[in-house]
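The structure appears right after this line, and notes come after that.
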Amino acid sequence: MVREVILRQVGGSIGATIPKDMAERLHLGAGDRVLAVETDRGILLTPYDPDVEEGLAAAAYAAKKFRNALRELAK
């Protein structure tokens, strides 16, 4: 399902409002946490999962630590 979402100023950040019917279908409520993942196709919102967040942090650390090796392998 594709829905238009309007971005709003929220303090020093920008917030997006999820339509009520979509939030109900996805069992999302006020205060729930989601992860915003930047992809080559845009922003993906996915339910918050501490294991996923830990995995993303480990991948970012490895990419930084082995940057030169990864660059060579990409050639």
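The values are calculated or read from the model by the stated rules, or taken from the named source; none is laboratory data. Computed from a prediction, not measured in an experiment: that's the story for all the values here. Cβ: placed from backbone, ideal geometry, glycine included. Neighbour counts: every protein chain shown.
Under 6 Å between Cβ atoms, which residue pairs at least 6 apart in sequence (or on different chains) link something in region 10-26 that is at negative phi with a partner that is assigned to a loop (DSSP other than H, G, I, E, B)?
ALA16/VAL5; PRO19/ARG3
Would you be able to say whether some residue in region 40-53 is touching a Gly at 6+ places or on another chain (Cβ under 8 Å) and at pLDDT 90 or above?
If we filter region 40-53 for residues that are touching a Gly at 6+ places or on another chain (Cβ under 8 Å), which is where we start, we get none.
Scanning region 40-53, I find no residue that is touching a Gly at 6+ places or on another chain (Cβ under 8 Å) and at pLDDT 90 or above, so the answer is no.
Hey, which of the helices (runs of 4 or more DSSP H) in the chain, taking only ones fully inside, have at least 3 residues that are in contact with an Asp or Glu (Cβ under 8 Å, 6 or more places away or on another chain) and loosely packed, with under 10 Cβ neighbours inside 10 Å? Before the answer, list the steps.
Working: elements: 20-25, 50-65, 67-74.
Where helices (runs of 4 or more DSSP H) fall fully within the chain, none carries at least 3 residues being in contact with an Asp or Glu (Cβ under 8 Å, 6 or more places away or on another chain) and loosely packed, with under 10 Cβ neighbours inside 10 Å.
Inside region 35-69, can you point out the residues that are touching a helix residue (DSSP H, G or I) at 6+ places or on another chain (Cβ under 7 Å) and either of a type outside the set (A, V, I, L, M) or within 30 Å of ARG25 (Cβ to Cβ) (or both)?
Initial filter on region 35-69 (touching a helix residue (DSSP H, G or I) at 6+ places or on another chain (Cβ under 7 Å)): 35, 63.
Hit for region 35-69 is LEU35, nothing else.
Can you find a residue that is over 13 Å from the mean Cα position of the chain (by Cα) and of a type outside the set (Gly, Ala, Ser) anywhere in region 33-48? Can you show your working first?
Residues of region 33-48 over 13 Å from the mean Cα position of the chain (by Cα): none.
Looking for residues that are over 13 Å from the mean Cα position of the chain (by Cα) and of a type outside the set (Gly, Ala, Ser), one finds none in region 33-48, hence no.
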